[in-house]
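What follows is calculated from the coordinates using simple rules that are stated; it is not laboratory data. As the structure is a computational prediction, the values presented were derived from the model and not from experiment. Positions of Cβ are backbone-derived with ideal geometry, glycine not excepted, and every protein chain shown enters the neighbour counts.
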Amino acid sequence: MSETSLSDLAKDAAARAAVALVQDGMRLGLGTGSTAVFMVHRLAERVRAEGLRLRCAATSRATCDLARSLGLTIEELDEIGWLDLTIDGADEIDPDLNLIKGGGGAHLREKITAAASDRMVVIADPTKVVECLGAFHLPVEVIPFGRQTTQKHIRKLLASLDLTHRPVLVRHRDGREFHTDEGNIILDLSLDRIAHPHRLATGLAAIPGVVEHGLFLEMCDLALIGGPDGQVIELTRPEVSA
């Protein structure tokens, strides 16, 4: 069996476990990315089989289109007002359930949605669990105006955190500069290891031109890590389990 298919089995196991948490009448946030695709499919299956009445908000146009194609009803977040649960994927998960997200370019909407939820549950395969964040590029969404100036501010911040000479890459997709659903660009920071994620998050948020970064700190309540054998490991934040 290929590595890809083993990864898909793991993602699907995590998705099934997360969808099992959904109850009739819930208000849900639906994440974006390859693992979230499995979740949306499994959620649609439950809705068809059990007639669940749900109010769902999507974190991207891609998720919205997929959910509607499978028969789910999608509303604007502001129409729903507040969510009981958001289910989303992650690119990295550390032992404190801090995350790097944004590989799919939707971390702005994902963070807004997660912050408007009583609970955030992350689904992932075991490769996403790390001891320290940073091996995955950290995405930073910036507005196109003054982008070079914004990049200079980011480089100064990185230097102040002993992260000098780290590439700051403009994201491209299919040979073209990638633009988010809001029309912004993404700078991917190649950091290798983020020793002080809170300091970095605070510094990035203070830079004019930065719309949002992909550090999700103290936002995830539960991580469901699926295995290719169908088993799922539950990880909780230390302060949540205490």
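Under 18 Å from the Cα of residue 111, which lysines turn up, not counting those fewer than eight places away in the same chain?
Candidates past the 8-residue exclusion: 101.
Can you compute the helix-only [θ] at 222 nm over the chain? Use -39500 (n - 2.57) per DSSP H run of at least 4 residues, normalise by all residues, nearest 500 deg cm²/dmol. Don't jump to the answer; show the numbers that get you there.
Details: 8 runs with 83 residues, N = 242.
Mean residue ellipticity, 222 nm, calculated: -10000 deg cm²/dmol.
Reported to two decimal places, what Rg/Rh ratio describes the range 76-178 when computed on Cα atoms with Rh from the Kirkwood expression? Provide the component values of the computation, followed by the final result.
Working: Rg = 15.9 Å, Rh = 15.8 Å.
Radius of gyration relative to Kirkwood radius: 1.00.
With everything on Cα atoms, drop me the angle between helix 3-19 and the longest principal axis of the chain, reported from 0 to 90° to the nearest 10.
Compared with the principal axis, the helix lies near 60 degrees.
As an exercise, identify the chymotrypsin sites (Phe, Trp or Tyr not before Pro) in the range 132-230 lying in DSSP coil whose Cβ has no more than 10 other Cβ atoms within 10 Å. Display every interim value, and only then the final one.
Working: sites: 136, 145, 178, 216; in loops: 136, 145, 178.
Answer in residue order: 145.
Could the peptides 118-126, 165-173, 201-209 be put in order, highest first, of the mean number of other beta-carbon atoms found within 10 Å of their residues?
Numbers: 118-126: 21.9, 165-173: 13.2, 201-209: 15.6.
The most tightly packed comes first, giving 118-126, 201-209, 165-173.
Restricting to DSSP loop positions (anything but H, G, I, E, B) with no more than 12 other Cβ atoms inside 10 Å of their own Cβ, which trypsin sites (Lys or Arg not before Pro) remain in the range 31-77?
Values: sites: 42, 46, 48, 53, 55, 61, 68; in loops: 53.
For trypsin sites (Lys or Arg not before Pro) across the range 31-77 that sit outside H, G, I, E and B with at most 12 neighbouring Cβ atoms in 10 Å, the list reads 53.
Using only Cα atoms, tell me the angle between helix 34-50 and the longest principal axis of the chain; keep it within 0 to 90° and round to the nearest 10.
20 degrees
Could you tell me the center-to-center distance, by alpha carbons, between the range 207-232 and the range 92-170 in angstrom?
So the two Cα centres are separated by 10 Å.
Looking at the range 159-227, which GluC sites (Glu not before Pro) are in a loop (DSSP not H, G, I, E or B) and have at most 14 other Cβ atoms within 10 Å?
Numbers: sites: 177, 182, 212, 218; in loops: 182, 218.
Taking the range 159-227 and a limit of 14 other Cβ atoms within 10 Å, the loop GluC sites (Glu not before Pro) found are 182, 218.
Across bins of 10 angstrom width beginning at 0, how are the C-alpha pair distances of the chain distributed, in whole percent?
Result returned by the calculation: 8, 32, 36, 20, 5, 0.
Between residue 159 and residue 131, what is the FRET efficiency for a Förster distance of 35 Å, r being their Cβ-Cβ separation, to the nearest 0.05?
0.90
Counting alpha carbon pairs within less than 8 Å and at least 6 residues apart, what relative contact order, in whole percent, applies to the chain? Mind showing how you got there, number by number?
Numbers: 512 pairs, mean separation 60.8, N = 242.
For the chain, the relative contact order is 25 percent.
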